[in-house]
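Student: Handing you a structure now.
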Amino acid sequence: MEKWRSSHRFFKQSLSRRIVDPLSNPTNRLRSSDFCPGTGICRFNPYIERRSRTLWTCCYLRGYYIGKSLVQRKYYGSMASGLRKNPTFATLNLDDVNYFKGILGEKNVIQDEDRLATANVDWMHKYKGSSKLLLRPTCTEEVSQILKYCNSRRLAVVPQGGNTGLVGGSVPVFDEVVVNLGSMDKIISFDKVSGILVCEAGSILENLDAFLANEGFIMPLDLGAKGSCHIGGNVSTNAGGLRMIRYGSLHGNVLGLEAVLANGTVLDMLGTLRKDNTGYDLKQLFIGSEGSLGIITKVSILTPPRLFSTNLAFLACNDFFSCQKLLLEAKRKLGEVLSAFEFLDSQSMEMVLAHLDGTRNPLPSSLYRFYVLIETTGSDPSYDREKLEAFLLQSMEGGLICDGAVAQDTNQSSSFWHIREGLPEALSKAGTVYKYDLSLPVEKMYGLVEEMRLRLGQSAKVVGYGHLGDGNLHLNISTPEYDDSVLRKIEPFVYEWTSKHKGSISAEHGLGLMKANEIHYSKSPETVQLMASIKKLLDPNCILNPYKVLPQSVLH
């Protein structure tokens, strides 16, 4: 008993000494709204809370400046991937533009080069298209008319939301017409008893969460890009995020959809029932299909009650096995209050401290090999706090934790999350980054990081972090500039290793253009062929988001 009291006192004193100082504006958790000087482009990097004053994006999108040096980017568009434009697709002409103006009005038919520049490139500057037309419909009927016309003319279309994707799924490859749903952002209904929200697909995730906060509810997903991403895009990519360990995937939370097929047919699947076994559950086809089967225009989603007792611990572990064991113990002993379990390695921490302004290490006495963020959310503040502290004490005494800090207020919680959610920004500032989003058995996850370090040696920095509670690894390889020899060492090895260990080459980012030809590493030939058959049935002219998700070889 005396030993427990002594340890408990040490742990609490240790926590009070090591709480990170609040940032200058810690309540903002990585929102968008940066501005690109000289281009008129806003909201360019959805993951950035604020840019360094020495970081600018070039007008011509060929690279970016860090201080006085230019870091070159290499685009992975049609040329890099060896794709050729589908010869059956038509080329946009003046009659097409005039038709769209007749439907949408002049202000929603955009040909301005600066505004097209935003739509043609992803926020990482990795994928770049050459679309000459951006359409902004304001209702489902307008989307239907657009697609019906494009299908009759064989004009290829790219559905686009907040353009926060990481695999080239939301930007053109060639000159496809971009259909952006940002103007369709209405909340249609909310049932305060069941927590079922019905909204248009262009609604920004953060805005939906703010609306629900006033009603005492919360969105079941939380992403670093929540200030820019659209719920339609989230559903189309089956986005995961930080709360998946608590609330599950969108396949379970989405109750209904409205989607427009390539020929303009509107599919009304906008149910609000939690139980409905009448025939095939067709909405599941569109969740994660990345706009290749139809454009989602409305969403019905189940939202949980917002619980106000939240605790966050930032912990250090000596090895990855301790992280795994800590996850198992957290599931057993925190149970119903566990809402997030994230991990990052020492290389991730070094990257954040070096490149993310205003960040401080919550555990400054040493740089540890691994860090874990554990969040609990419940309804009884004193009980939840005591439960977490008892778990942390037991874990420290058992050797699973070697250091730790518990946030004492929302500012400190934001500071902790800033480290984890700021990693994309830090990596982008460090130079070129090769990003891989993988699902793996938890015990195998970090093995890939270690093997990649041995494979690349001193030619690159290999960073591993992710959603440990979901078995989702974000593998990032950072180099000062793009290098073909580095890429050859990474691919196809990263996909082969993942396949060998029964993993998935896409956990939550989708396949997009980046991984369309690699789908066979995760799916059997028979499965891919069936997917192609579904695509041909729903979109026989293949005008919807072409060159993405599936290899062209199975469609033609």
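Student: What number of residues within the range 197-255 satisfy the criterion of being basic (Lys, Arg) and in contact with a helix residue (DSSP H, G or I) (Cβ under 8 Å, 6 or more places away or on another chain)? If you could, list the steps in order and put the result at the bottom.
Tutor: Within the range 197-255, the first condition is being basic (Lys, Arg), and the residues that meet it are 226, 243, 246.
From what is left, the residues that are in contact with a helix residue (DSSP H, G or I) (Cβ under 8 Å, 6 or more places away or on another chain) are 226.
Count: 1.
Student: Shifting gears a bit: List the helices (runs of 4 or more DSSP H) inside the range 359-460, counting only whole elements, that have at least 2 residues being at pLDDT 95 or above and open to solvent by 30 Å² or more (accessible area, probe 1.4 Å).
Tutor: Because the criterion is at least 2 residues that are at pLDDT 95 or above and open to solvent by 30 Å² or more (accessible area, probe 1.4 Å), the helices (runs of 4 or more DSSP H) in the range 359-460 that meet it are 381-397, 445-456.
Student: Working only within the range 272-310, note down all residues that are closer than 22 Å to residue 191 by Cβ, of a type outside the set (Val, Ile, Thr), open to solvent by 30 Å² or more (accessible area, probe 1.4 Å) and in a loop (DSSP other than H, G, I, E, B).
Tutor: 273, 274, 275, 276, 277, 281, 306, 307, 308
Student: Need pairs with beta-carbon distance below 8 Å; first residue touching a residue at least 12 places away in the same chain (Cβ under 8 Å) and within the range 130-147, second surrounded by 22 or more Cβ atoms within 10 Å (Cβ to Cβ) and basic (Lys, Arg); sequence gap 6+ or separate chains.
Tutor: 140/298
Rundown of residues vs (1) closer than 30 Å to residue 474 by Cα; (2) buried (at least 24 other Cβ atoms within 10 Å of the Cβ); (3) among the hydrophobic types (A, V, I, L, M, F, W, C), yes/no style:
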position	(1), (2), (3)
155	no, no, yes
163	yes, yes, no
166	yes, yes, yes
172	yes, yes, no
175	no, no, no
196	no, no, yes
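Student: Here's something else I'd like to know. I'm trying to understand the selection: among the residues of the range 331-344, which are out of contact with any helix residue (DSSP H, G or I) (no Cβ under 7 Å at 6 or more places or on another chain) and buried (at least 22 other Cβ atoms within 10 Å of the Cβ)?
Tutor: none
Student: If only one of 312, 393, 356 is among the aliphatic types (A, V, I, L, M), over 20 Å from residue 464 (Cβ atoms) and under 23 Å from the mean Cα position of the chain (by Cα), which one is it?
Tutor: Of 312, 393, 356, the one residue that is among the aliphatic types (A, V, I, L, M), over 20 Å from residue 464 (Cβ atoms) and under 23 Å from the mean Cα position of the chain (by Cα) is 312.
Student: While we're here: Take the range 526-556 and flag every residue that is of a type in the set (D, E, K, R) and outside any helix (DSSP H, G or I).
Tutor: 539, 548, listed by residue number.
Student: The conditions are (1) among the hydrophobic types (A, V, I, L, M, F, W, C); (2) open to solvent by 30 Å² or more (accessible area, probe 1.4 Å); (3) under 30 Å from residue 433 (Cα atoms), and residue 134 fails exactly one of them. Which is it?
Tutor: Only one criterion in (1) among the hydrophobic types (A, V, I, L, M, F, W, C); (2) open to solvent by 30 Å² or more (accessible area, probe 1.4 Å); (3) under 30 Å from residue 433 (Cα atoms) is unmet by residue 134, namely (2).
Student: So, in the range 104-125, how many residues would count as being under 22 Å from the mean Cα position of the chain (by Cα) and free of Cβ contacts under 8 Å to residues at least 60 places away in the same chain?
Tutor: Going through the range 104-125 one residue at a time, the tally reaches 2.
Student: Right, something else. If I ask for residues that are farther than 17 Å from residue 297 by Cβ and part of a loop (DSSP other than H, G, I, E, B), which ones from the range 228-247 would you list? Show your work before the answer.
Tutor: The initial filter retains those residues of the range 228-247 that are farther than 17 Å from residue 297 by Cβ, namely 228, 238-247.
If the condition is that a residue be farther than 17 Å from residue 297 by Cβ and part of a loop (DSSP other than H, G, I, E, B), then 228, 238, 239, 240, 241, 242, 243 are the ones that fit.
Student: Criterion first (in a helix (DSSP H, G or I), closer than 25 Å to residue 445 by Cα and hydrophobic (A, V, I, L, M, F, W, C)) does residue 344 satisfy it? Steps first, answer last, please.
Tutor: Details: in a helix (DSSP H, G or I): no; closer than 25 Å to residue 445 by Cα: yes; hydrophobic (A, V, I, L, M, F, W, C): yes.
So residue 344 does not fit the description; no.
Student: Oh, and also: In this structure, does residue 521 turn out to be open to solvent by 10 Å² or more (accessible area, probe 1.4 Å) and out of contact with any helix residue (DSSP H, G or I) (no Cβ under 6 Å at 6 or more places or on another chain)?
Tutor: In short, no.
Student: Criterion first (open to solvent by less than 40 Å² (accessible area, probe 1.4 Å) and either of a type in the set (Asp, Glu) or part of a strand (DSSP E or B) (or both)) does residue 257 satisfy it?
Tutor: When the stated conditions are applied, residue 257 passes them.
Student: Additional query: State whether the residues of the range 219-226 include one that is under 24 Å from residue 425 (Cα atoms) and among the small types (Gly, Ala, Ser).
Tutor: yes
Student: Would you check if residue 495 is open to solvent by less than 30 Å² (accessible area, probe 1.4 Å), modelled with pLDDT of 95 or more and in contact with a helix residue (DSSP H, G or I) (Cβ under 6 Å, 6 or more places away or on another chain)?
Tutor: In short, yes.
Student: Using beta carbons and a limit of 6 Å, which pairs, at least six apart or on different chains, have the first residue in the range 332-353 and touching a residue at least 40 places away in the same chain (Cβ under 8 Å) and the second one open to solvent by 10 Å² or more (accessible area, probe 1.4 Å) and polar (S, T, N, Q)?
Tutor: 339/377; 352/359
Student: To continue, here is another question. Out of the range 121-131, which residues are in contact with a strand residue (DSSP E or B) (Cβ under 6 Å, 6 or more places away or on another chain) and either over 23 Å from residue 228 (Cα atoms) or open to solvent by 10 Å² or more (accessible area, probe 1.4 Å) (or both)?
Tutor: Of everything in the range 121-131, just one residue is in contact with a strand residue (DSSP E or B) (Cβ under 6 Å, 6 or more places away or on another chain) and either over 23 Å from residue 228 (Cα atoms) or open to solvent by 10 Å² or more (accessible area, probe 1.4 Å) (or both), namely 128.
Student: Right, another one. Does at least one position in the range 202-218 carry a residue that is within 18 Å of residue 288 (Cβ to Cβ), buried (at least 18 other Cβ atoms within 10 Å of the Cβ) and in contact (Cβ under 8 Å) with a residue 60 or more places away in the chain? Write out each step before concluding.
Tutor: Let us first name the residues in the range 202-218 that are within 18 Å of residue 288 (Cβ to Cβ), namely 205.
Next, from what is left, pick out any that are buried (at least 18 other Cβ atoms within 10 Å of the Cβ): 205.
From what is left, the residues that are in contact (Cβ under 8 Å) with a residue 60 or more places away in the chain are none.
No, every residue in the range 202-218 fails to be within 18 Å of residue 288 (Cβ to Cβ), buried (at least 18 other Cβ atoms within 10 Å of the Cβ) and in contact (Cβ under 8 Å) with a residue 60 or more places away in the chain.
Student: Could I ask something else about it? Looking only at the range 219-230, filter to residues that are farther than 19 Å from residue 122 by Cβ and modelled with pLDDT of 95 or more; which one of those is surrounded by the most Cβ atoms within 10 Å (Cβ to Cβ)?
Tutor: Among them, the one singled out is 219.
Student: Further question: Filter the range 529-545 down to the residues that are within 24 Å of the chain's Cα centre (by Cα) and closer than 19 Å to residue 506 by Cα and list them by number.
Tutor: 531, 545
Student: While we're here: Please verify whether residue 465 is in contact (Cβ under 8 Å) with a residue 24 or more places away in the chain, closer than 21 Å to residue 443 by Cα and part of a helix (DSSP H, G or I), treating the condition exactly as stated.
Tutor: So residue 465 fails the test.
Student: Okay, next question. Need at least 2 residues that are modelled with pLDDT of 95 or more per element, so show me which helices (runs of 4 or more DSSP H) inside the range 50-168 make the cut, counting only ones lying wholly within it.
Tutor: 94-104, 113-120, 140-153
Student: Any residue in the range 485-512 that's at negative phi and polar (S, T, N, Q): show its pairings with residues that are assigned to a helix (DSSP H, G or I) and modelled with pLDDT of 95 or more at Cβ separation under 9 Å, as long as the two are six or more apart or on different chains.
Tutor: Every condition considered, the pairs that remain are 498/448; 498/521; 499/520; 499/521; 504/498; 504/521; 506/518; 506/519.
Student: Let me ask something additional. Being of a type in the set (A, V, I, L, M) and under 33 Å from the mean Cα position of the chain (by Cα) is the filter; apply it to the range 80-96 and report the residue that is surrounded by the most Cβ atoms within 10 Å (Cβ to Cβ).
Tutor: 92
The values are calculated or read from the model by the stated rules, or taken from the named source; none is laboratory data. Because the structure is a prediction, the values reported are computed rather than measured. FYI the Cβ positions are ideal-geometry reconstructions off the backbone, even for glycines, and counts take in every protein chain you see. Side chains included, ligands, DNA and RNA excluded: accessible areas come from the protein's heavy atoms. Shrake-Rupley method; radii C 1.70, N 1.55, O 1.52, S 1.80 Å.
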